[in-house]
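S.K.: This is the structure I have questions about; it appears just below.
The values are calculated or read from the model by the stated rules, or taken from the named source; none is laboratory data. Predicted model only: the values in this text are computed from it and were never measured. As a convention, Cβ positions derive from the backbone with ideal geometry for all residues, glycine included, and neighbour counts pool all protein chains shown.
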Amino acid sequence: MRVITSLSEWKRIREQLSGEIGFVPTMGCLHAGHKALVEKSVNENAATVVSIYVNPTQFNNPDDLVSYPKTEKEDCALLELLGVDYVLMPSSEEMYPEANTIAYHADHPMATCLEGTHRPGHFDGMLTVVMKWLCLVRPSVIYMGDKDYQQHVLVQSMIRAYHIPTRLGVLPTQREESGLPLSSRLKRLSALELEKARFFAMRFHALKSRDDFVGFKKVLEEKGINLEYLEMKDHHLFVAVYIESVRLIDHRVWKV
Ligand code: AMP
């Protein structure tokens, strides 16, 4: 496995590569959710490229960016075990040679609701960096998690809108037994906060009908969990909460 921090070096390597290339973009602090994406890519492609890059333009909250957990050494050890060929870890100077003056913007219905409403600029930053990665890696397949539902819907739309010759592979959300989706941000929770996060997940996945919503909101409040939204859209029920300063999202199929 080669860890590459220079994009000019990567561009030289990419010129020599042929065959199916699988690509998994990540922000690092890898867990079993990322692992499932990487394993799928390694199984399905001649070469797998993983990026570890905390993209500043998709963070609407500067504190969240500063406190985003970093475990680069452990991440690279895991990726090597999984059979990854290339890990790309560029600087922001190289990723944004024109600063953020040339950026993608989505007016898509999935960009302007839920996360789009509560995290202004998040999807523009995400699409901008994904487009950079698609140009740099030119993968046959890009693998993403269903955990970030709006993200993969928007990436699929961007691929379609720009006629990009890359397929999107979406994998199911990997969860703890409690139902809590694995997330790098869980690393920032204390034991007590993690217990609250699990409580939230169990209650969220126990919801049966709209009649349960009032009770759900009430128990969260009693536990000191701050509900940002609980909304039905696209045959799914979406939720975002704050456990102290850590923001967690989830969604599930919801038939009404
Ligand atoms: P991140 O490092 O959080 O930017 O995530 C990188 C990729 O991993 C994205 O496509 C996420 O949707 C995916 N991912 C993150 N958490 C999970 C999870 N619990 N299950 C499946 N995929 C995930």
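S.K.: Restricting attention to the range 181-214, which residues are out of contact with any helix residue (DSSP H, G or I) (no Cβ under 7 Å at 6 or more places or on another chain), farther than 24 Å from Pro69 by Cβ and without any contact (Cβ under 8 Å) to a residue 24 or more places away in the chain?
M.R.: Once the filter is applied, which keeps residues that are out of contact with any helix residue (DSSP H, G or I) (no Cβ under 7 Å at 6 or more places or on another chain), farther than 24 Å from Pro69 by Cβ and without any contact (Cβ under 8 Å) to a residue 24 or more places away in the chain, the range 181-214 yields Ala206, Lys208, Ser209, Asp211, Asp212, Phe213, Val214.
S.K.: Let me confirm something: among Thr48, Thr26, which residue is away from the ligand (no atom under 11 Å from the Cβ) and touching a residue at least 24 places away in the same chain (Cβ under 8 Å)?
M.R.: Matching residue, one of Thr48, Thr26: Thr48.
S.K.: Can you tell me how many residues in the range 228-256 are within 10 Å of Phe204 (Cβ to Cβ) and surrounded by fewer than 16 Cβ atoms within 10 Å (Cβ to Cβ)?
M.R.: Here the count works out to 1.
S.K.: Out of everything in the range 238-253 that is over 16 Å from Pro172 (Cβ atoms) and without any contact (Cβ under 8 Å) to a residue 60 or more places away in the chain, what residue ends up being farthest from the chain's Cα centre (by Cα)?
M.R.: For the range 238-253, the residue satisfying everything is Glu244.
S.K.: Which of the residues belonging to the range 52-63 are near the ligand (Cβ under 9 Å from one of its atoms) and either more than 22 Å from Leu171 (Cβ to Cβ) or not in a loop (DSSP other than H, G, I, E, B) (or both)?
M.R.: Listed by number, the residues that qualify are Ile52, Gln58.
S.K.: Something else now. Val155 passes all but one of (1) touching a residue at least 40 places away in the same chain (Cβ under 8 Å); (2) closer than 24 Å to Glu20 by Cβ; (3) in a helix (DSSP H, G or I); which number fails?
M.R.: Failing condition for Val155: (1).
S.K.: Could we say that Ala77 is touching a residue at least 24 places away in the same chain (Cβ under 8 Å), over 14 Å from the mean Cα position of the chain (by Cα) and farther than 19 Å from Gly145 by Cα here?
M.R.: The answer is no for Ala77.
Yes/no matrix, rows are residues, columns are (1) within 9 Å of the ligand (Cβ to nearest atom); (2) β-branched (Val, Ile, Thr):
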{"position": "Met144", "(1), (2)": "yes, no"}
{"position": "Val153", "(1), (2)": "no, yes"}
{"position": "Ser157", "(1), (2)": "no, no"}
{"position": "Ala161", "(1), (2)": "no, no"}
{"position": "Gly169", "(1), (2)": "no, no"}
{"position": "Gln174", "(1), (2)": "yes, no"}
{"position": "Ser178", "(1), (2)": "no, no"}
{"position": "Leu182", "(1), (2)": "yes, no"}
{"position": "Leu186", "(1), (2)": "no, no"}
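S.K.: Would you check if there is a residue in the range 86-108 being of a type in the set (Phe, Trp, Tyr) and within 16 Å of the ligand (Cβ to nearest atom)?
M.R.: No; the residues of the range 86-108 include none that is of a type in the set (Phe, Trp, Tyr) and within 16 Å of the ligand (Cβ to nearest atom).
S.K.: Evaluate the range 30-44: report whether one residue or more is away from the ligand (no atom under 12 Å from the Cβ) and touching a residue at least 60 places away in the same chain (Cβ under 8 Å). Break it down stepwise before answering.
M.R.: Taking the range 30-44 as the starting set, the residues that turn out to be away from the ligand (no atom under 12 Å from the Cβ) are 42-44.
Now restrict to residues that are touching a residue at least 60 places away in the same chain (Cβ under 8 Å): 44.
Taking every residue of the range 30-44 in turn, at least one turns out to be away from the ligand (no atom under 12 Å from the Cβ) and touching a residue at least 60 places away in the same chain (Cβ under 8 Å).
S.K.: Then there is this: Name the single residue that is farthest from the chain's Cα centre (by Cα) among those in the range 141-182 being farther than 22 Å from Thr128 by Cβ and hydroxyl-bearing (Ser, Thr, Tyr).
M.R.: In this case the residue turns out to be Ser178.
Here's the yes/no breakdown for (1) of a type in the set (Lys, Arg); (2) surrounded by 17 or more Cβ atoms within 10 Å (Cβ to Cβ); (3) part of a helix (DSSP H, G or I); (4) modelled with pLDDT under 95:
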site	(1), (2), (3), (4)
Glu9	no, no, yes, no
Gly28	no, yes, no, no
His34	no, yes, yes, no
Lys40	yes, yes, yes, no
Leu65	no, no, yes, no
Cys76	no, yes, yes, no
Leu81	no, no, yes, no
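S.K.: Let me ask you something else. May I ask you to list the residues in the range 102-131 that are within 12 Å of Met158 (Cβ to Cβ) and either outside any loop (DSSP other than H, G, I, E, B) or within 17 Å of the chain's Cα centre (by Cα) (or both)?
M.R.: Met110, Ala111, Phe123, Asp124, Met126, Leu127, Thr128, Val129, Val130, Met131, listed by residue number.
S.K.: Based on what the data block shows, is Leu136 part of a helix (DSSP H, G or I), closer than 24 Å to Met89 by Cα and away from the ligand (no atom under 16 Å from the Cβ)?
M.R.: Values: part of a helix (DSSP H, G or I): yes; closer than 24 Å to Met89 by Cα: yes; away from the ligand (no atom under 16 Å from the Cβ): yes.
When the stated conditions are applied, Leu136 passes them.
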